[in-house]
Each structure stands twice: as structure tokens, then as C-alpha cells.
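First comes the structure, then the notes that go with it.
The values are calculated or read from the model by the stated rules, or taken from the named source; none is laboratory data. None of these values were measured; they are calculated from a predicted model. Positions of Cβ are generated from backbone atoms using ideal geometry, with glycine treated the same way; all protein chains shown enter the neighbour counts. Remember, those area values only see protein heavy atoms, side chains included, never the ligands or the DNA or RNA. Shrake-Rupley method; radii C 1.70, N 1.55, O 1.52, S 1.80 Å.
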Amino acid sequence: MFTREKVERILEKAREIDSKLEMFGVKNHQYKLNPPVPEAFVRDVEEKCGFTLPQDYRRFITQVGDGGAGPDYGIAPFGEFWKKGYFQEDRFAEHHRRGWRRSLVRPFSIRPLLWEERDNCMCDPEVYEMHPEHFFVWEKPENEWETPQSTDGFFCLGDKGCGWGYGIVLNGEKRGQLFTTDHEGGFAWEAYSFNEFYSRYLEHLADTKALQKELEWWRGRFKR
């Protein structure tokens, strides 16, 4: 069970080690949590859109912090839900966002990634050989014209860079699980729950020796 105080203690220690914010993506969140989002806001979104958030993620954003510090570029705030969606801000943006919101109600349906498809999904062949059961493909329905970059039942939580992101499943048999995605139909399994996913992030930061070693590696890259 997370508490804001416990999480902030770990983040503060990491910030002391990486005081210049040199680790990948850290300048975006600076090892800081956002304030929790009001329970009333979350309930309003759920009632208007017709889905419910997985309980552990819901508790985190309402009681611990609405995004901020997290893997890579950090976790995006749910408080900006109505602004979300990967759409250029033009006269069609809100139309696409409405379609994206509707897509979140539908079940997340994926199938295993086949060996011959791995290159199309930017999958590392060596990693695939080790854990082929962790890789999947989502096939866009033929009538899914109104939401060109949506994926049914999948809510993106953060950006990994280079076109990749990670998110949580809202509906379907894999509800509550987290996946990495290339935003083009390719998925890699990450964790069974948000708690597992975020605990792994905190454990990574709490291992100060490993964190210091990783920081030195990043500094070496900057000097090249």
C-alpha cells in the first residue's frame, strides 16, 4: 500500500543522488508527485464516460499523487483527462477525442504476436525468444475510422520516448494490467497491476548503489 509520505521519501533520496536531473526523462517530472486529483473529478469522468478505473490506480491518483514521478518521462496526470488523446489541435481535435473516450469503454482485445510479425512491432528478437508470451498485437477493427490512434480499452499513462508509451487496461480480461505500446498496435506486457508497476519503479530508485551506477552511465553518454 502506497502513502504519499513513503513515496516522497524515496523520491527525495533519488533527487539527492541525481541532483542535476541527468537520468533519462527525469527533467520532465524532477522526482516530484503532483497533488492528488479530487475524488469527485474521477467519479465524474467515470460516470460520463461509462468506465471505472482499476482500483489500485484510482487510489493512487486520488490519495497519493496524480501522476508526476514515474518511469521514463513520468506519469501523466489524470486531471487532464478531457485534454488527452493523441490528436493535433485543429478543428477536428475534439471530435477525435470524443471517439477516443468512447473507445475506452470497449474491451481491450489483443492476440499473441507471431514470430514473423516481430519486426513490424519493433520487437527485439532476443527478448521475444526469451518471453514470446509477453508480446501481443491489437488489430484495429475495419470500422474504427473515427479514432485513428486509439486502442480499445487501453488508457495510456506515460511516454517512454521514441514513439513508445505505457498504459493500463480499463476493460476486458486483462483489466488492470499494464503494457508498453508502440502506439501502432504492438504491445509488450509490463505488470499485472499498477501497484506492481509502480512498486518496481520505487524499488529501482531505492537501490541507491544501482541508481548511482546507472547515473554514471548516463553521464558517460552525455560526454561522448
Which of the residues that make up the range 201-212 are charged (D, E, K, R) and either loosely packed, with under 11 Cβ neighbours inside 10 Å or in contact with a helix residue (DSSP H, G or I) (Cβ under 6 Å, 6 or more places away or on another chain) (or both)?
Lys209
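I want to confirm something. Restricting to the range 175-198 and keeping residues that are open to solvent by 40 Å² or more (accessible area, probe 1.4 Å) and not hydrophobic (A, V, I, L, M, F, W, C), which single residue is nearest to Thr3 (Cα to Cα)?
Asn195
Examine the range 54-63 for a residue that is among the hydrophobic types (A, V, I, L, M, F, W, C) and either in a loop (DSSP other than H, G, I, E, B) or within 15 Å of Leu215 (Cα to Cα) (or both), and state whether such a residue exists.
First pass over the range 54-63, keeping only residues among the hydrophobic types (A, V, I, L, M, F, W, C): 60-61.
Next, from what is left, pick out any that are either in a loop (DSSP other than H, G, I, E, B) or within 15 Å of Leu215 (Cα to Cα) (or both): none.
Checked the range 54-63: no residue is among the hydrophobic types (A, V, I, L, M, F, W, C) and either in a loop (DSSP other than H, G, I, E, B) or within 15 Å of Leu215 (Cα to Cα) (or both).
Determine whether the range 15-38 contains at least one residue that is of a type in the set (Val, Ile, Thr), open to solvent by less than 80 Å² (accessible area, probe 1.4 Å), over 20 Å from the mean Cα position of the chain (by Cα) and over 18 Å from Leu178 (Cβ atoms). Please lay out each step first, then the result.
Narrowing the range 15-38 to residues of a type in the set (Val, Ile, Thr): 17, 26, 37.
If we keep only those that are open to solvent by less than 80 Å² (accessible area, probe 1.4 Å) too, we end up with 17, 26, 37.
Remaining after also requiring over 20 Å from the mean Cα position of the chain (by Cα): 17.
The next check asks that each one be over 18 Å from Leu178 (Cβ atoms); those that pass are 17.
Yes, because at least one residue in the range 15-38 is of a type in the set (Val, Ile, Thr), open to solvent by less than 80 Å² (accessible area, probe 1.4 Å), over 20 Å from the mean Cα position of the chain (by Cα) and over 18 Å from Leu178 (Cβ atoms).
Scan the range 1-53 residue by residue and report those that are among the polar types (S, T, N, Q) and either on the phi > 0 side of the Ramachandran plot or not in a helix (DSSP H, G or I) (or both).
We begin by selecting, within the range 1-53, every residue among the polar types (S, T, N, Q); these are 3, 19, 28, 30, 34, 52.
If the condition is that a residue be among the polar types (S, T, N, Q) and either on the phi > 0 side of the Ramachandran plot or not in a helix (DSSP H, G or I) (or both), then Thr3, Ser19, Gln30, Asn34, Thr52 are the ones that fit.
Search the range 65-106 for residues being hydrophobic (A, V, I, L, M, F, W, C), modelled with pLDDT under 90 and not in a helix (DSSP H, G or I), and hand back the single one that is most open to solvent (accessible area, probe 1.4 Å). So that I can check it myself, show each step before the final result.
First, the residues of the range 65-106 that are hydrophobic (A, V, I, L, M, F, W, C): 69, 75-76, 78, 81-82, 87, 92-93, 100, 104-105.
Narrowing further to those that are modelled with pLDDT under 90: 82, 87, 92-93, 100.
Adding the requirement that they be not in a helix (DSSP H, G or I) leaves 87, 92.
Values: Phe87: 25, Phe92: 95 Å².
That would be Phe92.
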